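Working notes, structure below.
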Ligand code: BV8
């Protein structure tokens with residue numbers, strides 16, 4: 001018996017619609033990775049120490065205190081590397097392998113869809129990724145290093161662990177990560193030398209390859225999506241998965257998909273988090289954990305989802 005609720009429509013009509021679909025979009029947010037153990041922006045994760053996560057995700061914050069912003073992103077890289085893709089990430093990847101007309105637009109920067117081997121041509125990273133490093137002087141230097149999974153990025157950015165001396169492996173195995181998102185956990189002081197520097201211009205710092213508030217989304221990604229939207233055929237469905245749909249232009253793609261004929265299926269833990277523009281005839285709302293709901297919704301098309309132990 002599924003432990004999620006269907007508040008709009010029913011799963012049988014969704015399965016029928018999916019079976020007849022060729023062009024499907026998904027818009028994903030932090031809720032997709034929630035059951036992988038990664039905090040959302042709205043939930044407890046919305047506050048990092050005393051800072052509103054959104055306020056740290058700005059060029060101004062980096063300008064003002066690059067050490068603090070790097071500790072924020074170093075911590076999120078560390079947490080994301082410890083996490084595992086969940087059945088929803090794997091199910092969406094399998095749908096992409098079976099449906100050429102499926103495109104997944106993700107706001108997540110945690111790299112879990114990539115680690116579930118979601119075909120890259122059908123995964124649009126709207127807000128970049130924690131695992132690309134770019135020169136902070138984006139326009140001037142243009143240096144970038146993709147898929148950098150080093151953890152810590154620099155020794156001083158190591159997430160402190162409990163226990164005396166973390167340099168010996170035994171100590172590191174038993175030592176627990178200290179939750180530096182908690183204001184009561186002291187943060188090590190940092191000096192500019194402790195932060196990653198651009199190896200090309202040697203002048204500027206490196207920063208995470210994510211899109212900060214006030215910054216434009218990656219042009220290549222915007223072009224890929226416009227190309228998809230401009231195709232003749234109508235869009236059959238858009239799955240709105242684990243997002244509060246409050247950040248633009250990402251949230252705007254729900255309305256664009258509707259304009260191209262799509263029916264909307266919302267998958268969210270919170271029944272109040274519905275996309276702008278409200279409900280329309282034929283929409284679905286499945287309330288609960290995306291990691292459970294997505295495999296159930298896609299089952300007639302992808303079968304049972306294979307979730308490897310660790311990736
Ligand atoms: C830009 C990367 C211009 C960094 C992020 C129009 C109207 C109003 C404002 C604007 C507008 N257009 C632009 C703006 C300004 C701004 C904006 O949208 N502000 C908001 C706050 C109002 N947008 C921008 O600044 C964008 N840039 O406009 O540039 C420009 C143009 C040309 C040239 C120069 C400039 C850039 C926005 C991108 C910012 N970067 N991330 C980082 O991650 O650190 S945004 C970040 O926050 C995430 O990527 C994501 O997009 C957003 C968080 O939202 P969600 O992912 O939805 O997470 P949230 O916690 O809110 O919700 C979780 C949901 O999951 C909840 O609904 C919950 O119920 C549900 N849930 C929880 N558990 C589960 C679950 N569901 C299912 N299962 C579960 N288990």
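Each value in this text was obtained by applying a stated rule to the coordinates, not by laboratory testing. Every value quoted in this text rests on a predicted model; they were computed, and no experiment measured them. We place every Cβ from the backbone using ideal geometry, glycine too, and count neighbours over all the protein chains shown.
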At residue 49 and residue 138, where each label point lies 7 Å from the Cα along Cα→Cβ, what is the point-to-point distance in nanometres? 2.4 nm
With r as the distance between the Cβ atoms of residue 82 and residue 8 and R0 = 41 Å, compute the FRET efficiency 1/(1 + (r/R0)^6) and round to 0.05. 0.70
In nm, to one decimal, how far is the residue 154 label point from the residue 197 one, both placed 7 Å along Cα→Cβ? 0.8 nm
Kindly provide the helix-only [θ] at 222 nm of the chain, computed as the sum of -39,500 (n - 2.57) over DSSP H runs of four or more divided by all residues, to the nearest 500 deg cm²/dmol? -8500 deg cm²/dmol
Between the Cα axis of helix 66-82 and the main Cα principal axis of the chain, the angle (0 to 90°, nearest 10) is 60 degrees
Bins of 20 Å from zero: percent of alpha-carbon pairs in the chain: 32, 55, 14, 0
Gyration tensor on Cα atoms of the stretch 201-270, a ≥ b ≥ c root eigenvalues, a/c under 1.5 rounded, else prolate if a/b beats b/c, else oblate, says oblate
Cα atoms only: what Rg and Dmax, in Å, come out for the stretch 213-311? 15.2, 41
Once you place label points 7 Å from the Cα toward the Cβ at residue 230 and residue 256, how far apart are they in nm? 1.2 nm
Efficiency of FRET between residue 222 and residue 121 - r from beta-carbon atoms, R0 22 angstrom, step 0.05: 0.90
